[in-house]
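> Dumping the structure here so I can ask a few things about it.
Every number in this text was worked out from the coordinates using simple rules, so none of it is lab data. Everything quoted here is computed from the prediction, not taken from an experiment. Positions of Cβ are generated from backbone atoms using ideal geometry, with glycine treated the same way; all protein chains shown enter the neighbour counts.
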Amino acid sequence: MNVDYRTGTGRGHVMLGHKTLTRSLLPQKPSCRRTPLPSSTDDTLKMGSVNNKARPFSTQHHQHPLCTRTHQIGALLLVAASFFLTSLLDRSFRPCASHFAAVDIFPNSRSSVQVTGGRDLLWPHRGYGPLLDLKIYVYDDSEIDGLKALMRGRDGVIDSNACLKGQWGTQVKIHRLLLNSRFRTRKKEEADLFFVPTYTKCVRMMGGLNDKEINQTYVKVLSQMPYFRRSGGRDHIFVFSSGAGAHLFRSWATYINRSIILTPEGDRTDKKDTSAFNTWKDIIIPGNVEDGMTTNGATLVHPLPIPKRKYLANYLGRAQGKVGRLKLIELSRKFPDKLECPELKFSGPEKFGRIDYFEHLRDAKFCLAPRGESSWTLRFYEAFFVECVPVILSDQVELPFQNVVDYTQISIKWPSTRIGPELLQYLESIPDEYIEGMISRGRQVRCLWVYASESGSCSAMHAILWELQRKVRLFHQSTETFWLHNGSVEMRTASLTGWSFSWTHQRQAIPSHNLVVQSSLEHGNCRTKVGSSSTESGLVDGEAENFSGILKRRSVLLSAGASLFSSQVLGFPREVLAVVKQGLLAGRIPGLSEPDEQGWRTYQRPDEKSGGHGVGWSPIIPYRFSVPQDWEEVPVSIADLGGTEIDLRFGSPKEGRISVIVAPVLRFADNLDGDATIEKIGRPETVINAFGPEVIGENVEGKVMSITVVQDSGRTYYQYELEPPHALITATAAGNRLYLFSVTGSGLQWKRHYKDLKKIADSFRVV
């Protein structure tokens, strides 16, 4: 084989017989150039055999170092190394790709929100990313049966505009803002997160649904969401905007304990044995401040200059029987020139209107924000818009957006156990210049408390979106999703027999993110569906059902046996037992006497016991009743029937259970003042029809077996017997409270222990 290698033309020719291949020469370094070879055959490099030797180049033909094979290899390595390092550095410093990269909603920095004064609040790149890149699917109320009821009530007559006011207004505002958001997607298969719109608190307060209906409707809605089952709810967002939080859905711990909850309430452990808020998955959101105070340039009330303010501090709120608030009211009586605590009225000529309220709030340097029925208070956020320094008197409070807001620069947090003259002395010692500085810094960040459009540079919605981005997961799995050893294999149908798996797959049928597995228990047989879901409708195709033997018996026996034992032996409703119970009776103050000669004990509500859930506005007048000695106090949960106003629960596994609901009469009428009687509230038939559902969770029509009116110590008691469900209810009123005392039991308990249950019901008295 003759090979002729010529370099004079800039091309290398490899001659193999009659065929010639051409290749480009390698790049040349400036300091190493080739010298043209002479055209004579004597000077041609010949490689005809292994015995041929390369002829050395004479030094007379060049003045620069020659390019040897070593130079060529070095040059090649240098080019490769340069290309690799350049690509690596470029990848390290290039921003992450975004579907919205062409639209910069934050003009100065993609990882910031521009606040008043041109300053940027920076979200840390770690965990958040350099820019917002979200796709959120918002469920429509018409696509899921039951969702409309959670937004407009059972009859669909509640106007969403009526739900914009008050503390529950954030449910409506966040929903509306997401409907118009640039981050909304109408395709479920490309969504990072799913928003479930509900106006539960508003619907409940306006009589659209009772507690039992709310619970049943939530469960019904969730059962129709294939994407919820795909992730176990981890990528679904719910808003619970009141102090009750997710407990308005009494079975939250069973169904949405993995979902993202937006709530202003971060702690209720003083009221319940378990908290619905989880620091690592849920998001604290600001309260719903009056719109008239959050609009720039058109506020209802404008702040006063510091020197013109009449008071050092103020507290505008009701006592609600809370120790901290009662201490503030007492402190204002001792120092009326320093601390203003006016008594707020619900009705009459002295009732505070919106403007009156904010005019009083702006007339102090410091706005005190003690805890009420829950740890958070709207007053904290309102203080920023009248430009007084908020003083937090709630030890368990959780505040929003703590990764970007330094609350030590804009507020004060004082121990609630040290409310007294020393608090006023401390506030009085702070120079006006420092107060002005805190107010100025608060003025810059208060835009984060405003539920406004994304088109602005700063809003609560901007901050919520940043926090939501931190919750996004790339991979979705739950107890209802399965995969095989090879990630490229799509599992389309599954058949479980005993302990073995069998499967078939259709690789091209549908993308993997549409895989849905559904399980249900029908007639004692476990039916398992694993199939592809329709992108728009969410319906499940395909079904494989063959689940028997050991696995079936375990599932049926464990679930049915636990439920039967709980409901029949213990006598507790299944829905209540679904709520996770943790710990002992938080804050319990025993009120039981020693057993008498018949073995009965008397319970009297201790004066030191804090009020029940939402029962508010003044100390509760004590009540008492008698029970057999084996009855014990049971943890109170807002998930129980009676909702936020349940004050006490007792139970006996053998005989039944007791609950005491204490509700403010102003919830039902505004003309009862502080001296309510059951007669003023209504006739016996009216009372049981209105409040019976609070106790038994359903309409009482046709269930009232008897009505008795009893007089004792000048107070009237309405006594009712209902069947079924079996219940003895006593209703009365005292002060500004309505009392509902109920004794309930299963059919077997009713048959065996009716005499004792009736004695318990007859013993209830307000003292």
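> Under 5 Å between amide H atoms, partner at least 5 residues away or on a different chain: which partners does Ser242 have, H built in plane at 1.01 Å?
For Ser242, no residues qualify.
> Please rank Trp252, Trp483, Trp466, fewest neighbouring Cβ atoms within 10 Å first, as an exposure proxy. List each step's numbers first, then the result.
Numbers: Trp252 25, Trp483 12, Trp466 22.
Taking fewest neighbouring Cβ atoms as first place, the list is Trp483, Trp466, Trp252.
> In sequence order, what are the phi-derived ³J(HN,Hα) couplings for segment 183-190 according to the Karplus relation 6.51 cos²θ - 1.76 cosθ + 1.60 with θ = phi - 60°, rounded to whole Hz, with x for glycine and proline?
8, 7, 10, 9, 10, 4, 5, 10
> Still on this structure, please answer the following. Based on the mean of other beta carbon atoms within 10 Å per residue, what is the order of 382-393, 693-704, most packed first?
Per-residue Cβ counts within 10 Å, averaged per peptide and sorted highest first, yield 382-393, 693-704.
> Å³ per residue of the Cα convex hull, for segment 401-444?
74 Å³
> Calculate the FRET efficiency for Asp356 and Trp483 from the Cβ-Cβ distance with a Förster distance of 60 Å, rounded to the nearest 0.05. Could you put the intermediate results ahead of the total?
Numbers: r = 62 Å, r/R0 = 1.03.
The pair Asp356/Trp483 has a calculated efficiency of 0.45.
> List the pairs from Lys703/Lys759; Lys148/Lys471; Lys609/Lys751; Lys201/Lys471; Lys365/Lys609 whose alpha-carbon separation is above 29 Å, in the order I gave them.
Long pairs (Cα-Cα over 29 Å): Lys609/Lys751; Lys365/Lys609.
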